[in-house]
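Data first, discussion second: the structure below is written as structure tokens.
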Amino acid sequence: MNHNTALGARLGERAAGSWHEESAVWLLATHGHWLPQLQGAHMVADDGNGQSRIAWRHVASACLTAGDGPLVGTSSQWQVLRLACLLTGRHALGLANLAALEEPNKRIALHAMAWAAGGRAWADSLALLAA
């Protein structure tokens, strides 16, 4: 298991029970770009007991100033990060540029939104990830 996968698993365990946070963590882990950057920017906190959590408030702040801080990404990648913040249900950020997402990112974004709305089993039943 690589570091990104292990981090995603730890974050997923901590988010368990909240469809909103589960879907947001899944989106970032599946997308692959953001978790290492969030960890490097100290936006992932470890409680010392093997539990990790994303500091969503700091991530949302970084999204508002995209490109002016420690996080770096393309327009499409920033849309994925903004969507993850929105999925948690605690942050309001604009998503006016969802059309900028490439096809694979559109599919994982739709799957994550379905998960947040109705749980993982319901999202899986929609088969949005099937090629």
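Here is how the numbers come out for the structure above:
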| quantity | calculated |
| --- | --- |
| Members of region 42-69 found to be in a loop (DSSP other than H, G, I, E, B), touching a helix residue (DSSP H, G or I) at 6+ places or on another chain (Cβ under 7 Å) and among the aliphatic types (A, V, I, L, M), listed by number | M43, A66 |
| Check on V72, out of contact with any His (no Cβ under 7 Å at 6 or more places or on another chain), at pLDDT 80 or above, part of a helix (DSSP H, G or I) and more than 16 Å from T30 (Cβ to Cβ) | no |
| Test: G119 is on the phi > 0 side of the Ramachandran plot and touching a residue at least 40 places away in the same chain (Cβ under 8 Å) | yes |
| Any hit, region 75-85, residues being in contact (Cβ under 8 Å) with a residue 60 or more places away in the chain and open to solvent by less than 60 Å² (accessible area, probe 1.4 Å) | yes |
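Residue by residue, here is whether (1) buried (at least 21 other Cβ atoms within 10 Å of the Cβ); (2) in contact (Cβ under 8 Å) with a residue 24 or more places away in the chain; (3) in contact with a Gly (Cβ under 8 Å, 6 or more places away or on another chain) holds:
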{"position": "A41", "(1), (2), (3)": "no, yes, yes"}
{"position": "G48", "(1), (2), (3)": "no, no, no"}
{"position": "R53", "(1), (2), (3)": "no, yes, no"}
{"position": "V59", "(1), (2), (3)": "yes, yes, no"}
{"position": "L87", "(1), (2), (3)": "yes, yes, no"}
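The values are calculated or read from the model by the stated rules, or taken from the named source; none is laboratory data. Fair warning: this is a prediction, and the values are worked out from it, not measured in the lab. For neighbour counting, all protein chains shown are included, and Cβ atoms are generated from backbone atoms with ideal geometry for every residue, glycine included. We work out accessible area using only protein heavy atoms, side chains counted, and drop any ligands, DNA or RNA first. Shrake-Rupley method; radii C 1.70, N 1.55, O 1.52, S 1.80 Å.
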